[in-house]
Amino acid sequence: DAEVSTRKKTFAEVQTERLDQAERTVLIKCPSKLNQKKLLQYLASHGNIKSHFFFENRGISALIEFSEKSSIASLQDAVGIPSAEHHVVPFKSRLLTFTLKNPVSQHDEDTPLHLSPQCHIPVKDLIEKLCLADSISTQMYILLNEYQLTEENIKLRFLACSLVRDFARAYFPDSTVKPFGSSVNTFGKLGSDVDMFLDFRDTGKHAAEMKKGPFEMEYQMKRLPSERLATQRILSVIGDCLDNFGPGCVNVQKILNARCPLVKFSHQPTGFQCDLSVSNSIAIRSSELLYIYGCLDSRVRALVFTVRCWARVHGLTNSAPGTWITNFSLTMMVMFFLQRRSPPIIPTLDQLKELADEKDKHIIGGYDCSFVSDLRKIKPTKNTETLDVLLGEFFEYFGNFDFRKNSLNLRKGKEVNKPESSPLYIWNPFEQDLNISKNVNQPQLEKFIAMARESAWILQKEDKTQQMINKEPWGLAALLIPFGKNNSSKMKNRMKGIGSETIRSLLDSLKLNNASSQHKAVGK
């Protein structure tokens, strides 16, 4: 019930609520022998605790959310700075370390702590769980449950943003730092990075005040030749600030000449790898669009998580940049497939735009990024297909898709002729002149097609009852074992039609990659 009620909230409402929670939160590194009851009793003396959890990260840590922001000030008044033998930067953050003044006796230690998991289980353990399920649909929901972000992990992500915001506000008092991408779009996986952006747009709230009075008034600000240069300067300073003064901010890299300048760093207290950029409005609209699709029907997220896990197991995706399909492209392929069902499971972007009212209108850089934000205005689908059916049909659909001729257009929900010759062409839903899968080369696309065909074949041919009797992996579990490890001779026969072509192009790709890396090395 709690999940359903949160699902009805708009993207903006959820973001605001989470950011507010984060501002009332502290993170405590706990003593090794911890009496949970005593710790919470002490903290409650500073104010009412709304929620808390413990997790493992270089020892035990506790996230404490107070009901009132003033409780944090009360607690900070009682906290000292580290002893004189350490040379410290005297920045007082909401990251605290508690140690015991008197050692705890064995008797004082209370029941074992419940630690909230911050990463998903290994695929091997997942397969064992999946084999115990009674249908592929159930298997897919088990996978979703194991891999999706938990409530605790989401709170930790927003706290990481809030702690970075405390630094940004030293220079820009009205700024906020917000997560975007997988942390907020309902498709985030435990263990994924935190993408965050520095936002100066909260200044809009002063607009009404500016209209009053006889004068046009504006701040005197430093003017620069381009917005890009301003972004680079801001990120450079914030990056230095985190590097020099940020508790637990390590491995800070300023990547300012990228297409989208950013600062990468590890945030040790929360355990996250973070990417900080400056307000990217279109990326935020993409996050909200996916949030809406993820909220409309529970099958959407289950299918996306399944396909992404399958792709990772078979080496179709990779966390490093390269010529393979990205998770974002894969997610968009699933969305397109669901738009193409009869009846459709999710609406097209153009249909969502028709439902938009005045407050939903967004024109960004000349691109129309308008779509409805109120989920209640979107009619539920009449499609009743099970996930068992949808998974098989997904592999069937893309195993036989005419990629040479057609592209995927999520605005219209239609296959349209490719505007140019990239092997895989997925229209950017907002910046319509961009292909979000431009990086994918022919060998990688052919590998995807081969794996999709093989997976469709396995799902069609398998005898679930016989496999369960023989205690063999079945259904989704069978798809999460790299092909070739089981029944390699059968696979060779089935792959004859496309295998030789794929292998030849993969070898060509390896030669090309090798040649280009050698060329780069010589250049360096």
Requested in this report: Scan the range 316-351 residue by residue and report those that are open to solvent by 50 Å² or more (accessible area, probe 1.4 Å) and aromatic (Phe, Trp, Tyr).
Outcome: TRP324, PHE328
Query raised in the report: Between residues in the range 148-161 that are under 20 Å from PRO122 (Cα atoms) and residues that are open to solvent by 30 Å² or more (accessible area, probe 1.4 Å) and in a loop (DSSP other than H, G, I, E, B), which pairs lie under 7 Å by C-beta distance while being six or more apart or on different chains?
Result: ASN153/GLN118
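Free of Cβ contacts under 8 Å to residues at least 12 places away in the same chain and among the hydrophobic types (A, V, I, L, M, F, W, C): which single residue out of ALA302, ALA320 fits that description?
The match here is ALA320.
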Report task. Please determine, by comparing only the residues of the range 132-180 that are hydrophobic (A, V, I, L, M, F, W, C) and open to solvent by 40 Å² or more (accessible area, probe 1.4 Å), which one is nearest to VAL389 (Cα to Cα). Result -> ILE142
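Let's see how each residue does on (1) closer than 18 Å to LYS92 by Cβ; (2) surrounded by fewer than 17 Cβ atoms within 10 Å (Cβ to Cβ); (3) touching a strand residue (DSSP E or B) at 6+ places or on another chain (Cβ under 6 Å); (4) touching a residue at least 24 places away in the same chain (Cβ under 8 Å):
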site: LYS29; (1), (2), (3), (4): yes, no, yes, yes
site: GLN41; (1), (2), (3), (4): no, yes, no, no
site: PHE55; (1), (2), (3), (4): no, no, yes, yes
site: GLY59; (1), (2), (3), (4): no, yes, no, yes
site: GLN76; (1), (2), (3), (4): yes, yes, no, no
Query raised in the report: When the range 24-47 is examined, which residues are found to be out of contact with any Lys or Arg (no Cβ under 9 Å at 6 or more places or on another chain) and in a strand (DSSP E or B)?
Result: ILE28
Report task. Quick one: which residue in GLU415, GLU358 is more than 30 Å from ALA320 (Cβ to Cβ) and in contact with a strand residue (DSSP E or B) (Cβ under 6 Å, 6 or more places away or on another chain)? Result -> GLU415
Query raised in the report: What are the residues in the range 428-463 that are open to solvent by 10 Å² or more (accessible area, probe 1.4 Å), of a type in the set (S, T, N, Q) and in a helix (DSSP H, G or I), if any?
Result: GLN442, GLN444, GLN460
Query raised in the report: Of all residues in the range 78-99 being open to solvent by 90 Å² or more (accessible area, probe 1.4 Å) and over 22 Å from ARG24 (Cα atoms), which is modelled with the highest pLDDT?
Result: THR99
Requested in this report: Taking HIS46 as meeting all but one of (1) at pLDDT below 90; (2) open to solvent by less than 40 Å² (accessible area, probe 1.4 Å), write down the number of the exception.
Outcome: (1)
Query raised in the report: Can you find even one residue in the range 241-263 that is part of a helix (DSSP H, G or I), among the acidic types (Asp, Glu) and open to solvent by 30 Å² or more (accessible area, probe 1.4 Å)?
Result: yes
Report summary line: Considering the range 220-240, residues that are in a helix (DSSP H, G or I) and small (Gly, Ala, Ser), and then whichever is surrounded by the most Cβ atoms within 10 Å (Cβ to Cβ), we arrive at GLY239
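The values are calculated or read from the model by the stated rules, or taken from the named source; none is laboratory data. Remember, predicted model here, so these are calculated numbers, not experimental data. Every residue, glycine among them, receives a Cβ derived from its backbone with ideal geometry; neighbour counts consider all protein chains shown. Just the protein is used for accessible areas: all its heavy atoms, side chains included, with ligands, DNA and RNA removed. Shrake-Rupley method; radii C 1.70, N 1.55, O 1.52, S 1.80 Å.
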